[in-house]
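Step one of this worksheet: look at the structure below.
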Ligand SMILES: Cc1cc2nc3c(=O)[nH]c(=O)nc-3n(C[C@H](O)[C@H](O)[C@H](O)COP(=O)(O)OP(=O)(O)OC[C@H]3O[C@@H](n4cnc5c(N)ncnc54)[C@H](O)[C@@H]3O)c2cc1C
């Protein structure tokens, strides 16, 4: 087994690293996380994405005619690794780049691809995901937001919840019920909805991190042109699944976990236990060792997945394994950091006693959310059990 990249890719890596050294926003750039409450911050985040795109480092695998470079997955993987390594700010247009963009490439009409893909890359249009509803989370197919086809328009009524980024998004990719009589998975369609359409109301929800990352979105007689339907009418479930697969891959990035763990080790060197660096304490070492083994296992799993993609083999349940393992591991890493920080753990960035600018407590809460978002751990385990291991399906409980 050879886990190194071919030499030409290492040349490319050096190029990306040098570019990042010259262009990375200054430390304390304030572009991290979901805390895009301030329009100036949104604008700065868009500028960063545009700059990265200008350098050719965004969505490199997309076809050239839609603004990509037709590059291979190894090239893109290197860029991703270097961005994480440099602790570059996340991309504000991530849901467009990693979720709806690839879905449109697979299922969209030619007009939809030409209309939407280039503006996703340049951050001219930011996207949000309208899947969950108050009574449809894990059981997503129970969604009730209704879209009725009247002439050449859909009229949308209903409510979405936990919609990340809806407070500044320009567009939503949204699941709607178009045939209430059909079995629940067969009456769903996938619509692209402009967020400034009359009849849309966005109400921010405050997360336990104190940030307003997600929202409630209500639709009252919202008109959506029928050319914004992706795939066939009532066949949206299949399209939605493709997006979910991309989302799970996005949430389960091995490099992000490696970087988080490297920061934890640095913290263990900084904190003290009985007057000595915590990293020398046998109990701390044991805990770090156990986490290190999980990080390594995840790294090898990511390489296996990369190999599968490079060889063009069909993907199985890897995205669910990725999502399950990485989100739980990220949360455990941040939990270990809080234990190391002990009474300093609760100090947020404003406090003069804060270590690492108070990031760990925020990340502990944020990573808990990531275990739930994109499908909870229990749901990923069901998918792995049923589709991966061929175990019997869990009994479906009849409604009512
Ligand atoms: C930070 C964050 C961001 C999010 N962003 C978005 C977004 O942008 N767009 C969007 O549409 N949604 C978003 N969500 C919503 C997310 O997809 C849902 O919260 C998630 O799918 C779970 O649904 P629920 O909250 O309704 O919980 P429920 O489905 O009610 O689940 C409650 C509990 O029951 C368990 N459970 C449910 N069914 C089963 C089962 N069959 N077997 C075993 N256990 C089960 C679950 O694991 C969970 O522990 C976000 C959520 C979070 C936390």
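Once the range 176-200 is narrowed to residues that are outside any loop (DSSP other than H, G, I, E, B) and under 12 Å from residue 217 (Cβ atoms), the residue that is nearest to the ligand (Cβ to nearest atom) is 193. Can you confirm whether residue 313 is surrounded by fewer than 14 Cβ atoms within 10 Å (Cβ to Cβ) and either assigned by TED's automatic domain parsing to the domain that holds residue 258 or within 14 Å of the ligand (Cβ to nearest atom) (or both)? Against the criterion (surrounded by fewer than 14 Cβ atoms within 10 Å (Cβ to Cβ) and either assigned by TED's automatic domain parsing to the domain that holds residue 258 or within 14 Å of the ligand (Cβ to nearest atom) (or both)), residue 313 qualifies. Can we say residue 203 is within 16 Å of the ligand (Cβ to nearest atom), surrounded by fewer than 21 Cβ atoms within 10 Å (Cβ to Cβ) and more than 20 Å from the chain's Cα centre (by Cα)? Answer is yes for this residue. When restricted to residues that are touching a helix residue (DSSP H, G or I) at 6+ places or on another chain (Cβ under 7 Å) and within 16 Å of the ligand (Cβ to nearest atom), the range 143-170 contains 2.
Candidates are the residues of the range 119-136 that are in contact (Cβ under 8 Å) with a residue 24 or more places away in the chain, part of a loop (DSSP other than H, G, I, E, B) and closer than 21 Å to residue 369 by Cβ; the one that is farthest from the ligand (Cβ to nearest atom) is 126. Selection of the range 62-74 for residues being surrounded by fewer than 20 Cβ atoms within 10 Å (Cβ to Cβ) and within 15 Å of residue 52 (Cα to Cα) yields 67, 69. In the range 336-359, the qualifying residues are those that are crowded, with 18+ Cβ neighbours inside 10 Å and within 18 Å of residue 292 (Cβ to Cβ), and the one that is farthest from the ligand (Cβ to nearest atom) is 340. Among the residues of the range 171-184, the ones that are closer than 17 Å to residue 135 by Cα and surrounded by 16 or more Cβ atoms within 10 Å (Cβ to Cβ) come to 5 in all. Considering only the range 79-94, I want to know if a residue exists there that is modelled with pLDDT under 95, surrounded by fewer than 20 Cβ atoms within 10 Å (Cβ to Cβ) and within 16 Å of the ligand (Cβ to nearest atom). Yes, the range 79-94 contains a residue that is modelled with pLDDT under 95, surrounded by fewer than 20 Cβ atoms within 10 Å (Cβ to Cβ) and within 16 Å of the ligand (Cβ to nearest atom). The residues listed here are 173, 116; of these, the one that is away from the ligand (no atom under 11 Å from the Cβ) and in contact (Cβ under 8 Å) with a residue 60 or more places away in the chain is 116.
The values are calculated or read from the model by the stated rules, or taken from the named source; none is laboratory data. Bear in mind the structure is a predicted one, so any value in this text is a computation, not a measurement. Here the Cβ is made from the backbone with ideal geometry for all residues, glycine too, and neighbour counts use every protein chain on show.
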